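Presented below is the structure to which this report refers.
We did not get these values from a lab; they are worked out from the coordinates using the rules stated. In this text the structure is predicted, and so the values were computed from the model without any measurement. Note that we place each Cβ from the backbone using ideal geometry, even for glycine, and neighbour counts take in every protein chain shown.
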Amino acid sequence: MIDRANWQAASALLDEALALAPGAYEGWLQALRQRDAALAATVQRLVSRTAAPAAAPAFDALLQRALQQAEPEAADLAGRRMGAWLLQSKIGEGGMGQVWLAQRADGLYDAHAAIKLLRGDLQRSPLSERFSRERAALARLNHPAIARLLDAGVSDGQAFLVLEHVAGQTLSQHVNGACPTVASRVRLLMRIAEAVAHAHAADRAPRPQAVERDGHRGR
Amino acid sequence: MRSVTQLLMASSDGDGSAADELFARLYPEIKRVARQRLAQAGGVVGLNTTALVHEGFLRMADSEGLRGASRGHFFAYVGRVLRSVVIDFVRAESATKRGGDVQLVATLSAAADEPAAWMQATDLIAIDRALRQMQELDRPLYELLEMLTFAGTSVDEVAQLRDVSRRTVERDLVKARALLTELLGDPPGTAY
């Protein structure tokens, strides 16, 4: 298999070969063969591969079908059980996945929580490590302005976090409605900054965007 | 929070965490834009799908203020996402159909309405693997293939983005195809 150093040498020679006047190729290749037979063989093979015509890809047709298909993530998760919790309705969706309102379903006590689900296509990606890191970091956090981690697990291969549910508004809604003055906005910002500082102290990789989600506690 | 431009540049320099963040931030958006463009067009577009959705990505690049190199990285990234959308689709289809890959290939080829569909479902997965190798070997050539083959970018557009002549782009494309074929280990003469 061609490696990096190999390719760099071959790439420069391929440029040369493609720029040759018609009829000059055989002599050029012969000279190269005398200098470096292995490299000449690679270049010759690559040149023969350039003869391929540019075919119209059927990729377009596949892409069309893939895009027109119903979003698999839109599969209704309502009513699905995740550990001791029952998913009720979707609260939000971000790059990492969805957030659902959930109800305790094992009858031990009556409670609501927010459940964060890692997007299906990310389960095998390095992002799932970040999800685990977030779980570890949240478990260590105990701050009045940060939503508490209540539970976590994996259900049918789907990783989830159970967080304290905050029935609030988004930060911008809250600011527009409840913080008309600059002074009140600065006070709110300071409280958020304290929470972020607390998260920083607990973990080197905090998630400040999580705090932006609502006025008092973030997810 | 890092901007999309910063993420694209860092990711192209091999920053793994930037690549992760980019994936989380852009993947769903790219998918959404592509679906939306297709829905707007209504009806069957078939072989113009990538060119059609490309227009949506031009607007996305403009609104993110992407210029020069980062704009090029972005279109290459779009190609990668669209490819993975298709691969996920193909995998899901083959999972639901008990017949497996062989039957799937027949179905998809018929749907593509091309007697000699050059890219079959199983090929697509091999191409994905070869492209990842190519990314390590020669990033500019790799990005060129993503842009031209999978993201609907035109040769003129790439020439403009890279500030080179059309001729140079065409020569690089010949090289890129040759390298891809080499990495796939196919007999010489196979077209991609």
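Between A:SER48 and A:GLU164, the simple spin-label model (points 7 angstrom out along Cα→Cβ) gives 7.0 nm. Computing FRET efficiency as 1/(1 + (r/R0)^6) for A:ALA197 and A:ALA38, where r is the C-beta to C-beta distance and R0 is 60 Å, gives about 0.50. Annotation: for a label point projected 7 angstrom from Cα along Cα→Cβ of A:ARG185, residues of region B:1-44 with backbone N closer than 19 Å are B:1.
Between B:SER165 and A:ASN176, what FRET efficiency comes out of the Förster formula 1/(1 + (r/R0)^6) with R0 = 35 Å and r the beta carbon distance, rounded to 0.05? Present the calculation step by step, with values, prior to reporting the outcome.
Numbers: r = 52 Å, r/R0 = 1.50.
FRET efficiency, A:ASN176 to B:SER165: 0.10.
The modelled label-to-label distance for the pair B:ALA51/A:ALA139, using points 7 Å beyond Cα in the direction of Cβ, is 5.5 nm. Computing FRET efficiency as 1/(1 + (r/R0)^6) for B:GLN6 and A:GLN30, where r is the C-beta to C-beta distance and R0 is 51 Å, gives about 0.55. Among the residues of B:5-18, the average count of other protein chain beta-carbon atoms within 10 Å of the residue beta-carbon is 0.
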